[in-house]
Amino acid sequence: MVLNSYLSSGVSGQYPLVQNVTVTEGGTANMTCRVEYNDNTSLQWSNPAQQTLFFGDKKALRDNRIELVRASWAELTISISDVTLSDEGFYTCSLFTMPVRTAKAYLTVLGVPEKPEINGLTNPAMEGDYITLTCITQGSKPAADLRWFRNEKEVKGAKEVNASGKTFTVWSSLQLHVDRNDDGVAYTCRVDHVALAQAPQQATEVLEVHYAPRVEIIKSNTVPQEGQYLKLECVSRGNPSPDPVLWTKDGGELPDLDRIIVEGRELTFTSLNKTDNGTYRCEASNHLGKNSAEYVLYVYDVPTTLPPSTTPPQHPIPPDPTVQLGTHASDPTVTGSRDPNALGQHGTDHALIGGVVAVVVFVTLCLIIVLGRYLARHKGTYLTNEAKGADDAPDADTAIINAEGNHAHAEEKKEYFI
C-alpha cells in the first residue's frame, strides 16, 4: 500500500513516493523511494530509530545486512537481508528540498511459526479410554491458526493463544473417546499462517488401539447338501491379533474324521453328510477378552428330478432349499416344526373342503327333520283308528270287524294333524 503519492508537478510538487513492505523473518526486504520530478536533490533512507542508512549512494550505518541496490536522482533503493523482528517499524525517505519532504513506509516482519508438536498420545491406547491430544507451535507473528485432521477429515479442537514478546505461542487440544475404529488412524495438526502460504507446517501421529476380539463365521455355501464341499472361515478381529482360534461342535470336540479338516482359522468339510448336522462354534481370545460365533449346519438332501405329472402330489412337500442358514439359525426339521411355506400352499384347499363338508351335513340334517315329521303324522292317524276299534269291541275279532266298519265311514270321520 502506498502511504504517500505524487501530488503535483513542478518544484513545489516534489514528493518522495514509497510503499509498505512485508517480509518473513530471515528474508530480505527491498525499500524503494522514488521522485518523479527532481531537480538533482538528494534522497535519504532512515531506520525506525532515525539512524541514516544511506544518503544518496553513500552508506551511513555500518550494518553488513544493509546494501545499496540503486541510487539516482529519481530513485533510492536499499535492501535489508536476514530481517529480524527488531527491524520492524517505519522507515523514512527524505527529499532535501526547502523545506525537506518526507514519506514513511512500514516494514512488517512476519514471525514464522515453528513446526508443531503433538503431545498426550499414549500408544497403545485401550478401547474405551479418554485421551487428550495437544498441539503446540511457537514463534508466530501474527498468531498462527491450528487445525486438526482425522485422516483427511477435519475435526474441531479447542484453541488457546499466549503472547510472548512480539511473537505468539498457540495451543490446540483434541479430546478423544477411543474405540476400535481409531486403530491405525492418523491424527494431524496443521499450522496455517501467512508466512507459510507455500509450505504449511504439520505434525502427524498414528494412534494404535488395543481391543478384545470380535468373531464372525463366513460360509462358502449357502445351502449345503449331502456330498458337497463346505468351508467355514472364522474371521476374528482384535488387537493384539487373536491367534489361534478354537473350533467345537455342539459344545464338545470336533469329530475325528478324515473329511473334516482344520487349518488355522478354516474348518473344511470335504464331503458333507447328515451326521455333520449340528452347531459349530468358533472362539478367539487375547489378553483383553474373548468372543465367539456359532453356525448351525443343516445338510439338505440332494434334490431328485421327478417326471412331470398332471395330478397334484399327495405326499408332503419337502423343505424349501432356498431357505438360507444363518450363523445362529436352525433348520425347521431340526426343531420339529413344519415348513410354514408348505402350510401356506394347502391353506386354500383345506378351507374349500371344509366348506363343502359343512354344506352336506346341513342338507342331511334338514332331510332327517322333514322325514321325521312326515312319519310322525301318518303314524298318528293309524293308531287313532286302531284305538277306536279296540275300545268298542269285547275281543280281538270284534275289534277287527269294528275297525273295518270304521273304514267304511272313513270318508265321514277323518282326522287331520296340523
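The values are calculated or read from the model by the stated rules, or taken from the named source; none is laboratory data. Please read all numbers here as calculations on a predicted model, not as lab measurements. In this analysis, Cβ positions are derived from the backbone assuming ideal geometry, glycine residues included, and neighbour counts consider all displayed protein chains. Remember, those area values only see protein heavy atoms, side chains included, never the ligands or the DNA or RNA. Shrake-Rupley method; radii C 1.70, N 1.55, O 1.52, S 1.80 Å.
Go through (1) within 30 Å of D39 (Cβ to Cβ); (2) open to solvent by 60 Å² or more (accessible area, probe 1.4 Å); (3) in contact with a Phe, Trp or Tyr (Cβ under 7 Å, 6 or more places away or on another chain) and name the single condition E160 misses.
(1)
Only one of these conditions is not met by T97: (1) at pLDDT below 95; (2) part of a strand (DSSP E or B); (3) of a type outside the set (F, W, Y); (4) open to solvent by less than 50 Å² (accessible area, probe 1.4 Å). Which number is it?
(2)
Please determine whether any residue of segment 203-216 is open to solvent by less than 60 Å² (accessible area, probe 1.4 Å) and under 30 Å from G27 (Cα atoms).
As a first pass, look at segment 203-216 and keep what is open to solvent by less than 60 Å² (accessible area, probe 1.4 Å): 203, 207, 209-213, 215.
So of that shortlist, the ones also under 30 Å from G27 (Cα atoms) come out as 203.
Within segment 203-216, one or more residues are open to solvent by less than 60 Å² (accessible area, probe 1.4 Å) and under 30 Å from G27 (Cα atoms).
Any chance segment 134-148 includes a residue that's open to solvent by less than 70 Å² (accessible area, probe 1.4 Å), acidic (D, E), touching a residue at least 40 places away in the same chain (Cβ under 8 Å) and touching a Lys or Arg at 6+ places or on another chain (Cβ under 9 Å)?
Taking every residue of segment 134-148 in turn, at least one turns out to be open to solvent by less than 70 Å² (accessible area, probe 1.4 Å), acidic (D, E), touching a residue at least 40 places away in the same chain (Cβ under 8 Å) and touching a Lys or Arg at 6+ places or on another chain (Cβ under 9 Å).
Residue by residue, here is whether (1) among the charged types (D, E, K, R); (2) out of contact with any Ser or Thr (no Cβ under 9 Å at 6 or more places or on another chain); (3) at pLDDT 95 or above; (4) loosely packed, with under 14 Cβ neighbours inside 10 Å holds:
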site	(1), (2), (3), (4)
F168	no, no, yes, no
S172	no, no, yes, no
R180	yes, yes, no, no
D192	yes, yes, no, no
Q201	no, no, no, no
G227	no, no, no, yes
V235	no, yes, no, no
G238	no, no, no, no
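If I filter segment 277-287 down to residues being in contact (Cβ under 8 Å) with a residue 40 or more places away in the chain and either open to solvent by less than 40 Å² (accessible area, probe 1.4 Å) or touching a helix residue (DSSP H, G or I) at 6+ places or on another chain (Cβ under 9 Å) (or both), which single residue comes out as nearest to Q225 (Cα to Cα)?
N277
So if I check each of S236, S173, which one is assigned to a strand (DSSP E or B), touching a Pro at 6+ places or on another chain (Cβ under 6 Å) and not acidic (D, E)?
On the way: S173 fails: touching a Pro at 6+ places or on another chain (Cβ under 6 Å).
That would be S236, the only listed residue that is assigned to a strand (DSSP E or B), touching a Pro at 6+ places or on another chain (Cβ under 6 Å) and not acidic (D, E).
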